[in-house]
1. If each residue of separation counts as 0.36 nm, what is the full-extension length gain between ASN222 and ASN288 once their alpha-carbon separation is subtracted?
2. Past 29 Å, Cα to Cα: identify those pairs from LYS195/LYS324; LYS203/LYS255; LYS48/LYS194; LYS62/LYS91, in the order given.
3. Which whole-angstrom value gives the distance between the alpha carbon centres of segment 278-357 and segment 89-147?
4. Enumerate the amide H contacts of ALA206 below 5 Å, restricted to partners 5 or more residues apart or on another chain; note that Pro and chain-start residues carry no placed amide H.
5. Could you work out how far apart the two model spin labels at ARG244 and ARG119 are, taking each label as a point 7 Å from the Cα in the direction of the beta carbon, and quote it in nm?
6. Exceeding 21 Å between C-alpha atoms, which entries from my cross-link table qualify? They are LYS44/LYS136; LYS266/LYS388; LYS129/LYS241; LYS219/LYS241.
7. Normalised by the residues of segment 252-397, what does the relative contact order come to in percent, with Cα pairs under 8 Å and at least six apart?
8. Could you calculate the contour length gain from PHE375 to VAL182, that is, 0.36 nm times the residue separation minus the distance between their Cα atoms, to one decimal place in nm?
Amino acid sequence: MLEDINNWLEQYPFLNENLKFLGVILLALLVYYIVKKIIIQSIKAFAKRTRTDIDDILFNEKLLKRIALIAPLIVIYQFVYLLPGSEGWLKLILDSLIVFQILLILGAFITALNNVSERSEKFKDYPVKGYLQVVKIILYILGGIVIAGILTRQEPWALITGLGAMTAVILLIFRDTILSFVASVQISSYDLIKKGDWIEVPKYGADGDVIDIALHTVKIQNWDKTITVIPTYKLIEESFKNWRGMQMTGGRRIKRAIYIDITSIKLCTEEMLNRYERFNLIKDYIKNKREEIKKYNESLDADLSEIINGRRLTNIGTFRAYLKAYLRRREDVHNNLTFIVRYLEAGPTGLPIEIYLFANTTQWVPYEDIQAEIFDHIFAVVNQFDLKIFQHPTSNDVKSLKQL
């Protein structure tokens with residue numbers, strides 16, 4: 001019976017060849033089903049049973065699907081001789097498809113490696129993604145050359161040699177990629193940026209956390225939750241500020257001045273010192289200073305009937321001592337970092353007293369609360385030292401003058 005059917009089909013070569021090739025297609029589909037539903041599912045089930053998550057990431061759904069697609073291509077390739085008239089060009093197409101599918105598999109595997117590196121504590125601070133993207137680009141370029149060689153029936157090396165004449169064009173086309181790769185190497189070598197760093201790039205309006213470092217771009221989530229994307233090589237060309245040092249130190253700087261009206265600065269009278277001595281924070285300071293100044297003035301035999309004679313405390317100096325005592329007492333001030341209460345150069349806006357110290361937190365909201373509490377207190381107590389804060393005249397001041 002089968003021999004009769006075969007003899008009958010041989011009388012119709014076109015029908016004979018196509019029916020046989022249809023059988024090959026059905027066989028390829030069967031092989032694909034077996035690989036996908038049995039072999040691939042077995043690999044996935046085995047990966048899920050292991051304790052580590054690395055194999056789950058490496059043997060992901062996309063990678064396994066692409067592996068499954070190679071099996072039917074190989075089956076079809078083995079039976080292309082059943083179509084003698086089309087065998088030549090079919091082999092070229094199948095060879096190209098197999099190479100292309102292998103490229104996709106390798107690309108998916110590289111992506112999986114990147115996902116593994118992002119979860120690893122060892123590699124999370126390095127721009128692994130950028131390096132893997134470079135590998136992927138090189139792989140795709142070489143794969144494209146191989147596919148072109150297959151389709152044109154030329155040796156790949158001959159095509160690579162021919163690319164020498166197109167070097168200038170390639171450099172132009174891949175200029176950003178080359179610059180970004182060099183920038184990625186510099187960023188990694190000098191440890192300029194890591195994922196999670198807070199950076200400021202004023203030229204691009206970026207101020208926030210680095211959430212992704214890729215080959216071509218660095219993605220920054222700003223504090224207003226917008227996203228700024230900056231070309232990687234631009235970070236090497238332009239200036240930027242990285243706040244990582246502050247975060248690692250554990251303290252954030254407070255650097256702000258209050259402006260004292262110079263006309264309110266005066267030498268302290270005994271009545272003023274008696275009043276200041278009731279302030280708990282500087283009680284000992286006033287007492288010790290009084291003793292020190294008394295001994296000094298006695299050694300000079302100064303005439304103290306005039307306030308200008310001899311050595312005396314000033315209200316602004318006493319106020320500065322109070323500020324130092326007050327700030328030292330606060331538990332939210334970092335005492336192991338720079339701590340200064342100093343005068344700056346006097347100007348048209350009065351005498352600046354600058355508070356230069358570090359809060360013991362790097363978190364934005366607590367930092368602002370600490371800073372606000374400090375200056376709330378300073379503005380409230382400054383008049384207790386017979387001092388005035390300088391400010392420009394307001395409309396109310398003008399009205400008061402008119403009433404006079």
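Derivation of every value follows stated rules applied to the coordinates shown; laboratory data play no part. Keep in mind it's a predicted model, so treat the numbers as computed, not measured. Cβ placement follows ideal geometry from the backbone for every residue including glycine, while neighbour counts extend to all protein chains displayed.
1. On the way: separation 66, 0.36 × 66 = 23.76 nm, distance 5.15 nm.
Using 0.36 nm per residue and subtracting the Cα-Cα distance, I get 18.6 nm.
2. Long pairs (Cα-Cα over 29 Å): LYS195/LYS324; LYS48/LYS194.
3. 69
4. VAL201
5. Here the modelled spin labels are 2.5 nm apart.
6. In this structure, LYS44/LYS136; LYS129/LYS241 lie more than 21 Å apart at Cα.
7. Numbers: 173 pairs, mean separation 54.4, N = 146.
It rounds to 37 percent for segment 252-397.
8. On the way: separation 193, 0.36 × 193 = 69.48 nm, distance 4.69 nm.
Going from the current span to full extension adds 64.8 nm.
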